[in-house]
Amino acid sequence: MAEDTPAQPTSKTDLFLSFTWLALQGFGGVLAVVQRELVEEKRWMTREQFVEDWAVAQIMPGPNVVNLSMMIGGRYFGLPGALAALAGMLVAPLVVVLLLAMLYGSVADNPMAQNALRGMGAVAAGLITATGIKLIAALDKNAMGMTVCIGLAVLTFIAIGLLRWPLLWVLLGIGGAACVWAYRVLKRNEEPQTGLTCSPTSRRSHSWGWAAPSPPRPTCTVIWSTRTAGSAKHSSPRQSRCRKLHRDPTCCLWPCSAGTWA
């Protein structure tokens, strides 16, 4: 239930302090920290919302987490909220980075310090991988479906990780194709339905009946093609599509008398 109704930041100060604490934890693997803090701890967004917002933040210029913080701040408090979140992401980390840079300058040639940095890089890779696996479940509610999303992820990994293609071309190519496919799926799901419905009596007589706009009993709305309306050629309905749309295995199991089915 908490995932369905996410909480909200209480004030701009809450935004500033929350993102300051988040930024101070983001050593090496900021994606894992952001997901844990915003989704699991504070519950400001669901996993599905996080995946969508992170995707938008990733394709925008600038650091991903900074873009995400401004999106969240602007969503709840407008421009002042976006600036408060941005300040939280930058002020304290800037001081820490300057201090660490001064400290690292004195030990940069030390083999132990170099090996320690390599170890931190391996941990960061593990954190990002673990977070990605954790967020896979959120793709099940994606409009394109789990299979298509995983396929696109594999193609992206091959293009960047193995073929070493430039990120811009991968983004425009695979990302553009994914956007077009998602748009077509959403458009198909939002197709307007006709007023042609089947009444409960027509199920027994296998003939069409015109139901009232607001019948007292449930009716099954049928999507059909207006391009072939009035045609003398009739065909059987696509039962699998009808069942998927209406969740009723007993509906739409008879011939169409008004045109060819879509």
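Could you tell me whether region 72-87 includes any residue that is under 18 Å from T131 (Cβ atoms), at pLDDT 90 or above, of a type in the set (G, A, S) and assigned by TED's automatic domain parsing to the domain that holds T20? No, region 72-87 contains no residue that is under 18 Å from T131 (Cβ atoms), at pLDDT 90 or above, of a type in the set (G, A, S) and assigned by TED's automatic domain parsing to the domain that holds T20. Considering the conditions (1) aliphatic (A, V, I, L, M); (2) free of Cβ contacts under 8 Å to residues at least 24 places away in the same chain; (3) surrounded by 17 or more Cβ atoms within 10 Å (Cβ to Cβ), L31 is excluded by exactly one of them, (2).
Within the set P216, P200, P237, the sole residue that is farther than 27 Å from F50 by Cα, modelled with pLDDT under 90 and surrounded by fewer than 14 Cβ atoms within 10 Å (Cβ to Cβ) turns out to be P216.
From the list A113, A84, the one residue that fits, being in a helix (DSSP H, G or I), over 16 Å from D14 (Cα atoms) and of a type outside the set (D, E), is A113.
Exactly one residue out of V66, V91 is out of contact with any helix residue (DSSP H, G or I) (no Cβ under 6 Å at 6 or more places or on another chain), part of a helix (DSSP H, G or I) and within 18 Å of S18 (Cβ to Cβ), and it is V91.
Pairs linking a residue in region 161-184 that is outside the structural domain of I150 (by TED's automatic domain parsing) to a residue that is at pLDDT below 90, with Cβ atoms under 6 Å and 6 or more positions apart or on different chains, do not occur. Restricting G105, G151 to those that are in a helix (DSSP H, G or I), in the same structural domain as T46 (by TED's automatic domain parsing), over 17 Å from R36 (Cα atoms) and not acidic (D, E) reduces the list to G105. Among the residues of region 161-173, the ones that are within 21 Å of T129 (Cα to Cα) and within 20 Å of the chain's Cα centre (by Cα) come to 2 in all. Suppose the filter is assigned to a loop (DSSP other than H, G, I, E, B), surrounded by fewer than 17 Cβ atoms within 10 Å (Cβ to Cβ) and not polar (S, T, N, Q); does P61 pass it? So P61 fits the description; yes.
For region 130-137, the count of residues that are at pLDDT 80 or above, β-branched (V, I, T) and more than 32 Å from the chain's Cα centre (by Cα) is zero. Restricting region 144-195 to residues that are at pLDDT below 90 and in contact with a Phe, Trp or Tyr (Cβ under 9 Å, 6 or more places away or on another chain) leaves a set whose member that is farthest from P61 (Cα to Cα) is G195.
The values are calculated or read from the model by the stated rules, or taken from the named source; none is laboratory data. Predicted model, so just to flag it, every value in this text is computed and none were measured. Reconstructed Cβ throughout: ideal geometry from the backbone, glycine too, with neighbour counts over all protein chains shown.
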